[in-house]
C-alpha cells in the first residue's frame, strides 16, 4: 500500500511531507500538534506564518484567519473532517482529515493537508505542505535554511517516521529509483525508531533533531535533477540507507 499522496501540482515546485503509521489520537491531540507545528513553521519564513480557514473563495477565506492558532479551533476542524459514510457512521479508526491554505493566488500559495489520528491497519497519517510554484515567494522559499527549518518543525510537532522536502521533478526521479515506500529528498528526516543513520559521503550532512532522529541534507546548494553529480549522490545515499534497513515501510509503534 503506497504511503505517498499525489496531489494536483505544477511542475518544478517544492513540497515537504511528514508521514507516520497508525497512531490513535483524538481531535484535541491532533489540534495540539497542529498548533505547535504552525507556531514553529511561522519561524521559518513570514510567508508560512499566516493561514486561513477553508472557504468558497479566497476573498472569503481571508476573513477567517487561523493565526494565532488555538487548540479549540483546530479540534473542531478535525472533528468536522472525521471519516464517515455519507450520512452514516463514523469510522473512528480512520482518523481525521482537513486542508487549508495561506490565501495567495493559486501558483503563489502554500497549502497544508493533514491526516491525523488514524489507527486502522496499514493506515498512513501525514502532514503535507505544498509550496508555491511561481513568484517571489517560491524563489525565496526554495533554499536550504528554510526547507531544513520546515522539516525540523514537522519532525518536532508530528513525531513522524520520516519527512522529505524536495522538488516534484526530484520526486519523480526518486520514484523511478526507489525500492522502498519512501522518498529521499534534498532534506530528509528519519526517526531514531528506524535505526541509526550510517556514515554518508561528502558533501552530505547529518544533523540531530533533538533526541528524535536525524536530518540528512544531500547538498549545501540547491539539489537539481539536471546536475548528474547530485543524482549520483542521491542514488549512492539511497543505497547506503537501504543497506542499513532505514527505508523499509514503517510499522505501528507499540
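For the reader, a short list of remarks on this structure follows.
- Residue within segment 90-109 that is in a helix (DSSP H, G or I), at pLDDT below 80, more than 27 Å from residue 159 (Cβ to Cβ) and assigned by TED's automatic domain parsing to the domain that holds residue 27 present: yes
- Some residue of segment 192-206 being buried (at least 18 other Cβ atoms within 10 Å of the Cβ), closer than 26 Å to residue 35 by Cβ, free of Cβ contacts under 8 Å to residues at least 40 places away in the same chain and touching a helix residue (DSSP H, G or I) at 6+ places or on another chain (Cβ under 8 Å): no
- Residue match in segment 198-219 (condition: at pLDDT below 95 and either outside any loop (DSSP other than H, G, I, E, B) or over 27 Å from residue 40 (Cβ atoms) (or both)): no
- So residue 125, is it within 16 Å of the chain's Cα centre (by Cα) and in contact (Cβ under 8 Å) with a residue 12 or more places away in the chain: yes
- For segment 132-187, residues that are at pLDDT 95 or above, in a helix (DSSP H, G or I) and buried (at least 16 other Cβ atoms within 10 Å of the Cβ) total 14.
The values are calculated or read from the model by the stated rules, or taken from the named source; none is laboratory data. Bear in mind that the values here come from a model prediction, so they are computed numbers and not experimental data. Heads up, the Cβs are rebuilt from the backbone with ideal geometry, glycines too, and the neighbour counts pull from every protein chain shown.
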